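Below you'll find the structure, written out as structure tokens, and then a few comments.
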Amino acid sequence: MSSITGPRAVPVADLTPIEARLEHDALAREVAEHDLRYHGEDAPIISDADYDALRRRLEEIEAVFPELKRPAGVTEKVGAKPSEKFAKVRHRVPMLSLANVFTDEEATEFVDRVRRFLGLPEDAPVAVTAEPKIDGLSCSLRYERGRLLVAATRGDGEEGEDVTANVRTIAEIPQTLSGADVPEVIEVRGEIYMAKDDFAALNARQEAAGKPVFANPRNAAAGSLRQLDSKITASRPLRFFAYAWGEIVGERPSGTQSGMVAAFARWGFPTNPLTLRCESVEALLAQYRAVEERRAGLPYDIDGVVYKVDDLDLQRRLGFISRSPRWATAHKFPAEKAATKLLGIDIQVGRTGSLTPVARLQPVTVGGVVVTNATLHNEDEIARKDVRIGDTVIVQRAGDVIPQILGIVAEKRPAGAKSYEFPKLCPACGSHAVREIDPKTGKEDVVRRCTGGLVCPAQAVERLKHFASRNAFDIEGLGDKQIEAFHRDGLVTRPQDVFTLQARDARSLKKLKDREGWGATSAANLFAAIDARRSVPLNRFIFALGIRHVGETTAKLLARRFGSIEALSDIGVAAAAKDEKALDELTSVEGVGPVVAEAVADFFGEEHNLEVLRELLAEVTPEALEAVATESPVAGKTVVFTGALERMSREEAKAMAERLGAKVSGSVSKKTDLVVAGPGAGSKLADAKKHGVEVIDEDEWFRRVGG
Ligand code: IVH
């Protein structure tokens, strides 16, 4: 633990901005960690007095450097955010999801498909249950000898989180089951949800206490269940409907879906009263409509009606397709819509310079959520729908997806509304924004992009993060947060600035040398980490430039072929000047097609990129790659590493194999030559068996490659 609170601590007023930032960030992380230990795990590792001292120092720094304060920073937070510390529970029977249908025709087709699969005549009666699809989160409750033992969330369907302590606080969920027909072991499954009025009251309480409000009842239910402190869960009004089951040991109480749900009700579970067993598709659709009509008046949110084949023997025969049963489907309600006014269109600039139009709307409630923005996708979409500022538009919100504009209400168009002109210049930097032509199809890309590259401030931050990231320059201590902060302060706006940071910050450098406070060590560490990257492998250097379509693999191919950044840049500049030979040379690289060649040419065709390159090369030396061995026993082979490697890191293994002329792949296919498996290898091992691929362990790998 650092000694920043000790007598050697530098007075806050003497800190340089860089020192202050580094110390602030480290302290904030430290305090957050103690918060978590204290609130989340009930296991603090420092005394209250030490904790208070850390926090005081943090607050002092923020008082002198208010720009370091973050809206959701630790100094503003009460308690800790729930940790990732729930124990995992493996479901003995996977928790599946449901396929969806949206129309009466599709619902009819579902029943027809069931009949066809079972080889039944077209008019054979198949009983199917219809029940509301509750908008909450599913939970599996394991009872052994009638007593609740484990409660788990769905998770990824295979493995969920152990929320037993929290579930025990839910009054509607019985702790023990009564009834002569309760099996020895039964996992009862259903939906945990929050009623609409309980949700409104909870949000009112949150608001009054200055705490964040929940977007909808489902989020509120999930947030309440996933509390580390079950006292908090206990204070939240959660409810439950039982509708399914997992493992059963002993006798099943019924042979039908409806019979099982009836048994759950007898044993003390709430079950949904709108569940109906239907003998025909007509009856199913009538129930769908009846439920839809009652939807707004129900005390809880639902988003459709679930159909399930009633006979459990038929369910067994029908089985599953990937993650969902063939015997069930969800007939979803149409997404909710509302009309509102389009106040303006904002253009957002993404990481790769993509210009995305976002509709600014007069706030409107759609499905219980206030919507103020919606996506307009792209330029063509705006033209196709002829959306104009001032128009009344129809907004649709489905589930968690970003609201969309479906179209306009033509009659309500104000007189004089003008067609929307999509900007041809980037709103962030003023560079030209263009639509690329796909060389294969000859068609324009739907996305218009800013050509400002590294000089566009909107792209700059994201590109700087990429530049310093693990697979690029890999500068330790220069993470996303640091880059955002340095960029905000104008300390680092271009890649080359990273390497001149120390020289430019002479004042802090002098002070760093003068004393040995914590901030100094940390700044010195950062400067040392930066210095350590003054020489980097050429492929990393190329990857770090963030040329469109040039990922790690392509960067490596280019590095191997051209051998130096100067050679690559000469080719790139020539290709940009439409030199056919240069373009041919680029596309002749195995694995480089016209799209990449074009992107390379575009990059080196921009003077500002060449300037970055020149200035960067004054600070950094890219190193040519080691020659690839062609004689090695794995040369030309495709290798997959899986499981835990003990003698080398995954990165290292990959580099070694590539150095030896092998191609490393992430997944096993019939093209794989060799799988190197460490302990804990899972599905890839099974894939290797399936494809008859040779599997060796790490020691054997070293024996073969002579390590
Ligand atoms: S049955 C094997 N019934 O919907 C099928 N699911 O999309 C298991 N849900 O994860 C699910 N109400 O969270 C079923 N009456 C209902 C439901 C329901 C809501 C949720 C559940 C599930 C999701 C699947």
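The values are calculated or read from the model by the stated rules, or taken from the named source; none is laboratory data. On a predicted model such as this, the values are computed, not experimentally measured, just so you know. Here Cβ is always computed from backbone atoms with ideal geometry, including for glycine, and neighbour counts include all displayed protein chains. Surface areas here come from the heavy atoms of the whole protein model, side chains and all, with no ligands, DNA or RNA. Shrake-Rupley method; radii C 1.70, N 1.55, O 1.52, S 1.80 Å.
Label 7 Å along Cα→Cβ of residue 445; the range 455-481 residues with amide nitrogen under 16 Å? From the range 455-481, the list is 455-456, 459-460, 463. Rounded to the nearest 10 degrees, the angle from helix 607-617 to the longest Cα principal axis of the chain is 70 degrees.
Using the average count of surrounding beta-carbon atoms within 10 Å as a protection proxy, the listed peptides 106-114, 237-245 rank, highest first, as 237-245, 106-114.
Among the GluC sites (Glu not before Pro) within the range 642-707, those in coil by DSSP and having at most 13 neighbouring Cβ atoms inside 10 Å are 646. Calculated [222 nm] ellipticity per residue, helices only, for the chain: -11000 deg cm²/dmol; basis is -39500 (n - 2.57) per DSSP H run with n ≥ 4, divided by all residues, nearest 500.
Per-peptide packing, taken as the mean over residues of other Cβ atoms within 10 Å, places 486-497, 458-469, 207-218, 413-424 in the sequence 458-469, 486-497, 207-218, 413-424 from highest down.
The charge dipole of the chain, taken about the Cα centre with unit charges on the Cβ atoms of Lys, Arg (+1) and Asp, Glu (-1), comes to about 680 debye, rounded to the nearest 20. Using 20 Å as the Cα-Cα cut-off, could you pick out the over-long pairs in 85/481; 133/308; 556/581? From the list (85/481; 133/308; 556/581), the Cα-Cα distance tops 20 Å for 85/481; 556/581.
In plain terms, the C-alpha convex hull of the chain casts an average shadow of 39.4 nm² when viewed from every direction.
Straight-distance candidates among the lysines for linking to residue 424, with alpha-carbon spacing under 21 Å and chain neighbours fewer than 8 residues away dropped: 385, 443.
Of all aspartates and glutamates in the structure, the ones whose alpha carbon falls short of 14 Å from that of residue 440, not counting any fewer than 8 places away in one chain, are 598. Which loop trypsin sites (Lys or Arg not before Pro) in the range 120-217, with loop taken from DSSP, have no more than 16 other Cβ atoms within 10 angstrom of their Cβ? Answer by residue number: 145, 168. Using C-alpha pairs below 8 Å separated by at least 6 residues, the relative contact order for the range 356-425 is 28 percent. Which percent of the accessible heavy-atom area of the range 144-223 goes to carbon and sulfur, probe 1.4 angstrom? That share works out to 51 percent. Calculated FRET efficiency, residue 149 to residue 200, Cβ-Cβ distance, R0 = 30 Å: about 0.30 to the nearest 0.05.
Surface analysis of the chain yields an accessible area of 49 Å² per residue, using protein heavy atoms and a 1.4 Å probe.
With a Förster radius of 30 Å applied to the C-beta separation of residue 488 and residue 535, the computed FRET efficiency comes to 0.55. Taking R0 as 22 Å, what's the FRET efficiency between residue 322 and residue 184 from their Cβ-Cβ distance, rounded to 0.05? Efficiency computed from Cβ-Cβ geometry: 0.10. Remark on residue 366: its backbone amide H falls under 5 Å from those of 371, a criterion applied only to residues 5 or more positions apart or on other chains, H modelled at 1.01 Å from N. Straight Cα distances below 16 angstrom link residue 637 to the lysines 654, 663, 670, 671, with same-chain residues fewer than 8 positions distant left out. Accessible surface of the range 341-442, 1.4 Å probe: 52 percent of it comes from carbon and sulfur atoms. Helix 17-35 axis versus longest C-alpha principal axis of the chain: approximately 30°, rounded to the nearest ten. In degrees from 0 to 90, rounded to the nearest 10, what is the angle of the helix 457-468 Cα long axis to the longest principal axis of the chain? Between helix and principal axis, roughly 80 degrees.
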